[in-house]
Amino acid sequence: MISIITPVYNEEENINCFYDAVTAVMNQVGMDYELIYVNDGSRDGTEREINRLAAADPHVRAVSLARNFGHQIALTCGMDLSRGDAIITMDGDMQHPPALIPELIARWQEGYDIVQTVRETTENASLFKRITSAAYYKLMNAISATPVVPGGSDFRLMDRKALSIFQKFREHSRFIRGIVGGLGFRQTTLSFKAPARHAGTSKFSLRKMLHLAMDGIITNSTVPLRMTFYLGFLGAFAGVILIVYVCYCHIAGITVPGWSTTVILLAIFGSVNLMALGILGEYIGRIFEETKQRPLYWLAHDSKETEPDRSLTK
Ligand code: UDP
Ligand code: MG
């Protein structure tokens, strides 16, 4: 069985269109499936629409979160509830084209555990969004320990095996792309052109976008913490040069009383402070890693376990 998971927030005008498209595609694929709508605390008629679909079609499961928890948490909720051998997470505004589902499934049947889609272009995306997105992924990959596919989205297929490991990652602020990128297993990418939204406007305000971007960096990298230490080190280096210069001035007598001591103290304590902060940062970084309680390791294969069948007959 395939689980399709779609978080929806104030998407009443998109529910039906998305449902029709997914139903048509899944009938064509001919596999058993469930479509899980996770209503992320919508204030419009989204809940009514998904409940209506769930009552009429046993493939549909409609769940509503008690309030708006954000896209990443809504996705996680759907992943936890899913029962499929493989899951597909996708947005409910048609920007993740349901027509791509058969290709995702085909890659899974070839043996890939994670099929990550990559947006080639987005119709109507502003220049600002395109530039910031490209710069962001460059920065992420430069500083993060695990790879993040540039232009990657949360439109992907995951095999149950990879999903069950993902579920062990229970951190609250989460950047699913970063976690999945670091899961390993057999991963492949599939590119697509994102069309413009079917109806309505983006539910990601600039504030939510910045928040997600920040979460991505902070949860995936301790480089920002280390930066203070490096700064302190640079400061100390510059301080030594400065102190030599101050001593020269002092000996040559080209200074006013008290100046030499003040400058030397500033140079020493400035850099010592920064380095001490950097050391604290290292410990805080370790505490941060430990509090996430991520699994230490996970297996790709065990000779005592047989691989489940991924054929079309299910
Ligand atoms: N979404 C959500 N909770 C939120 C914001 C968005 O569940 O707090 C859903 C939204 O309904 C959509 C998907 O996440 O199905 C992607 O959001 P959107 O299309 O607004 O993002 P964009 O495509 O503009 O990046
Ligand atoms: Mg969208």
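Read-outs: derived from the displayed coordinates by stated rules, not from any lab. Keep in mind the model is a prediction, meaning the values are calculated, not measured. Backbone-built Cβ (ideal geometry, glycine too); neighbour counts: all protein chains shown.
Here the chain is described by how far its Cα atoms reach on the three principal axes: 91, 50, 34 Å, from widest to narrowest.
Considering only A86, A125, A74, the Gaussian network model of the chain with Cα springs below 10 Å gives its largest mean-square fluctuation to A125. Distance from the alpha carbon centroid of segment 14-38 to that of segment 141-186 works out to 24 angstrom. For segment 114-238, averaging the sequence separation of C-alpha pairs within contact (under 8 Å, six or more residues apart) and dividing by the residue count gives a relative contact order of 39 percent. Electrostatic bookkeeping for V38 treats Lys and Arg as +1 and Asp and Glu as -1; over the other residues with beta carbon under 12 Å from its beta carbon, the sum is -4. In a DSSP loop and with at most 14 other Cβ atoms within 10 Å, the trypsin sites (Lys or Arg not before Pro) in segment 47-78 are R67. Magnitude of the charge dipole for the chain, about its Cα centre and with charges confined to Cβ atoms of Lys, Arg (+1) and Asp, Glu (-1), is about 800 debye. Across segment 91-174, the volume of the C-alpha convex hull divided among the residues equals 136 Å³ per residue. Here the residues L163, L277, L127, L206, ranked from fewest to most Cβ neighbours within 10 Å of their Cβ, fall in the order L127, L206, L277, L163. Checked against a 18 Å cut-off, the cross-linked pairs K168/K203; K138/K168; K168/K292; K129/K193; K129/K208 give Cα-Cα distances beyond that limit for K168/K203; K138/K168.
3J(HN,Hα) couplings calculated from phi for segment 21-35 with the Karplus curve 6.51 cos²θ - 1.76 cosθ + 1.60 (θ = phi - 60°) are, in sequence order, 5, 5, 4, 4, 5, 5, 5, 5, 5, x, 9, 5, 8, 10, 10 Hz; Gly and Pro show x. Only one residue of Q116, S64, P308 has its Cα farthest out toward the positive end of the dipole of the chain, where Lys and Arg carry +1 and Asp and Glu -1 on Cβ, and that residue is Q116. Placing +1 on the Cβ of every Lys and Arg and -1 on the Cβ of every Asp and Glu, with nothing else charged, gives segment 132-270 a dipole about its Cα centre of roughly 880 debye. Of the residues Y245, Y230, Y137, the one that moves most in a GNM of the chain with alpha-carbon contacts below 10 Å is Y245. Translational diffusion coefficient of segment 89-129 (Stokes-Einstein, Kirkwood radius from Cα pairs, 10 °C, 1.306 mPa s): 132 µm²/s. Under a model in which nothing but the beta-carbon of Lys, Arg (+1) and Asp, Glu (-1) is charged, segment 248-305 shows a dipole of about 120 debye around its Cα centre. Taking every Cα-Cα distance in segment 175-218 and sorting them into 5 Å bins starting at zero, the pair-distance distribution P(r) comes out as 5, 15, 15, 18, 23, 17, 7, 1 percent.
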